[in-house]
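Please treat every number below as a calculation from the coordinates, not as lab data. What you see is a predicted model, and the numbers here were worked out from it, not measured in a lab. Positions of Cβ are generated from backbone atoms using ideal geometry, with glycine treated the same way; all protein chains shown enter the neighbour counts.
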Amino acid sequence: MRLLFAAGMMALAAACTPAAPAGPSAEDVAAESQKLTTYLNAEFEEELKMNPLMLTTMGRKELYGDLGDFSEADALKQLEWRRTSVADMKAQVDPAKLNDDGKTSWNMWESELARAEVRQQFLRHAYIYGFGGPHTDIPNFLITYHKVEEPSDMDAYVSRLTKLGAAIDQYTERAKLAAADGIRTPKFGYERTASEAKNIITGAPFTTGAASPLWEDFNTKVGFLLASDRANDGQAAAWKAAAEKALKDDVKPAYERLIAWLNADMGQAQSGKVGALTLPKGVEWYNAALELQTTTKMTADEIHELGLKEVERIHGEMEKIRLSTGFKGDMKAFFEFMRTDKQFYLPNTDEGRAQYLAKADGYLTAMKARLPEYFGRLPKAPLVVKRVEAFREAPGGAAHYYGPTPDGKQPGIFYAHLIDMSAVSLWALESLSYHEGVPGHHMQIAIQNELTDIPLFRTQYGYSSFSEGWGLYAEELGKEMGMFTDPYNDFGRLNSELWRAVRLVLDTGLHAKGWTEDEAVAWAMANSARPESSIKSEVKRFLLNPAQATTYKIGMITIQKLRDEAKAELGDKFDWKAFHDTVIGGGSMPLPILEDRVRAWIADQKKA
């Protein structure tokens, strides 16, 4: 009786307890999620109006004759706009009614405000010139992305030439303001920038000799209009006169002012120990840079220790390959063999460079045939492999990728620095091709550009820890897919991963532990097989862009952990295609948001 009485009382209590409020209906969730997408698309259009170059990279021709405002005042203006945008989003949209993808968009838009606040706080710490910069980036942008298909496009091109000088002056003014605060790029950055700036204004119409890069590009584009009967000689003559005037009267003086300032201020720039610790608030800046670049809360000490452990682990994997090749000598000797043996390098001639590009194409062609086994979604945009343009090419410079426009008219470009063929080994080329091409950067970025079922901003925003992490993950995936049948190329794959682990050590060593440039080079020489000229170039790159070098390995490890988690949770239900489509099918995003996205997918798969 007492049991029955207790059970009755429990039933009565349950009956008297108010029912939990029902969650939003499927219709409400769909409506609120669409409301957010509509809002964010409208906001992104406002952002694009402030960034004409981004419009052009998207293949759009609004504001085609403008470059934008690059002043500090405009940076603050855009931050204030973002503050208002996020506040309005929170006032208009209920996050509790969003679907998983809507929550991703909400979190990313909110995250961008937090990141912008940090960037504004350290605006002058990010070097304007040194490792590339607007002096080469804007000319290369005009050459690569400003398409001329009709006369109005050439009008816009000439308009942009007339504004290039003012843009360079704005950036130079910002560099001067930073220098006044005691923030200067290392001396070698001054020297490189001065040399590159001189290259831009050398040759016709600035000086005698062959055409300068911009003049050559201008004439090529005018020639296309004439050859296709889309313009006449009178129009061509008018464009030529206007372009020549802009180059001589606006561009040349601005570049000369930049060079003059660099030469005058260079004596105050430092050499040797030039990491973040030498700057005002250097510790705070480097910590902020790590968070901005990695999108995590990892500390410099944690990253340094991770690098040391990964270097040791990968050395063990390399030892297995050394033994398999029958090489007589220790690992240090094997590194030297791989670094110097002539069989691994092509001649420093045009024929050697052509062979290098052809080999890269061969690796990519073979990989493309295997992609459908591991990916459900494939990129539509074409991919080309090219040598870096002469005006910005550097011995030992890092290969890199330029994304396509969403319409596919501008292909993805895998760029290689080939001025010094002794800095580009053949054993590194297979992994490099997968990293920069497919299934690496081109796969991820081209697909991101082609997405239509997410807010537009997510097709354009980029996060180094995501994209570079994916690129490095793609190299390891190549091994999973049956590539790297040559043991030396497989060593190259490991050396590529090793170099990203070395970067964790070097970047934190240079910027958090006070290493000198020479100390970093020596440590890298002792722990990797990378050519010395390439190591020296890379160390300079790390000094000019603090924390960026840490993103590759941290991003890769995050994706690997998510893959392993999915395999463990799903067992036989794990599908490579679905996993990869989940990772890159939502665009680039901060790593914590990626983790939420993949785990939500895992939970859905378990229910299925």
- Summing Lys, Arg as +1 and Asp, Glu as -1, what charge do residues with Cβ under 12 Å from the Cβ of residue 251 carry, residue 251 excluded? +1
- Note on the structure: Helix 441-450: inclination vs the chain longest Cα principal axis, degrees, rounded to 10, gives 70
- Cα centroids of region 348-425 and region 240-256: how far apart, whole angstrom? 33
- Query: Once the Cα atoms of helix 487-512 and of the chain are each reduced to a long axis, what angle between those two axes, in degrees from 0 to 90 to the nearest 10, is obtained?
  - Reply: 90
- Indicate, rounded to the nearest 5 percent, the antiparallel portion of the DSSP beta bridges found entirely in the chain. 40
- Any idea what diffusion coefficient region 27-121 gets from Stokes-Einstein, in µm²/s, Kirkwood Rh on alpha carbon pairs, 37 °C, 0.692 mPa s? 226
- Message: From the helices alone, meaning DSSP H stretches of at least four residues, give me the mean residue ellipticity at 222 nm for the chain, per-run term -39500 (n - 2.57), in deg cm²/dmol to the nearest 500.
- Response: -21000 deg cm²/dmol
- Exposure proxy check: 255, 356, 64 ranked by fewest other beta carbons within 10 Å? 64, 356, 255
- What's the extension gain from residue 312 to residue 149 if we count 0.36 nm per residue and subtract their Cα-Cα distance? 53.3 nm
- Tell me, Kirkwood radius of region 74-140 from alpha-carbon pair distances, in Å? 14.2
- Whole-Å semi-axes of the ellipsoid equivalent to region 134-271 (Cα gyration tensor, √5λ, descending): 33, 13, 12
- Note on the structure: Contact order relative to length for the chain, counting C-alpha pairs under 8 Å separated by 6 or more residues, stands in percent at 16
- Query: If R0 is 41 Å, what FRET efficiency do you get for residue 561 and residue 277 from their C-beta distance, rounded to 0.05?
  - Reply: 0.85
- Message: Taking the alpha-carbon distance from residue 309 and a cut-off under 19 Å, which aspartates and glutamates remain once sequence neighbours fewer than 8 residues away in the same chain are dropped?
- Response: 301, 317, 319, 476, 497, 507
- Message: Let me see the P(r) profile for the chain: every Cα-Cα distance counted, bins of 20 Å, each bin given as a percent of all pairs.
- Response: 17, 51, 26, 4, 1, 0
- What share of all Cα pairs of region 322-400, in percent, falls into each consecutive 10 Å distance bin? 13, 30, 30, 23, 3
- Message: Sorted from largest to smallest, which semi-axis lengths in Å does the alpha carbon gyration tensor of region 240-387 give for its equivalent ellipsoid, taking the root of 5 times each eigenvalue?
- Response: 39, 31, 23
- Of the convex hull enclosing the alpha-carbon atoms of region 80-189, the direction-averaged projected area in nm² is 10.8
- Message: If I model region 191-251 as equal point scatterers sitting on the Cα atoms and use the Debye formula, what is log10 I(q)/I(0) at q = 0.15, 0.20 Å⁻¹?
- Response: -0.50, -0.78
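Ranked highest first by average number of other Cβ atoms within 10 Å, how do 365-374, 173-182 line up?
Numbers: 365-374: 13.6, 173-182: 16.1.
Sorting 365-374, 173-182 by mean packing, highest first, produces 173-182, 365-374.
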- Note on the structure: Kirkwood Rh over alpha-carbon pairs of region 310-452 plugged into Stokes-Einstein at 4 °C, 1.567 mPa s gives a D in µm²/s of 77
- Links exceeding 22 Å between C-alpha atoms in this model, out of 513/553; 77/198; 163/198; 61/103; 163/221; 187/536, come to 77/198; 61/103
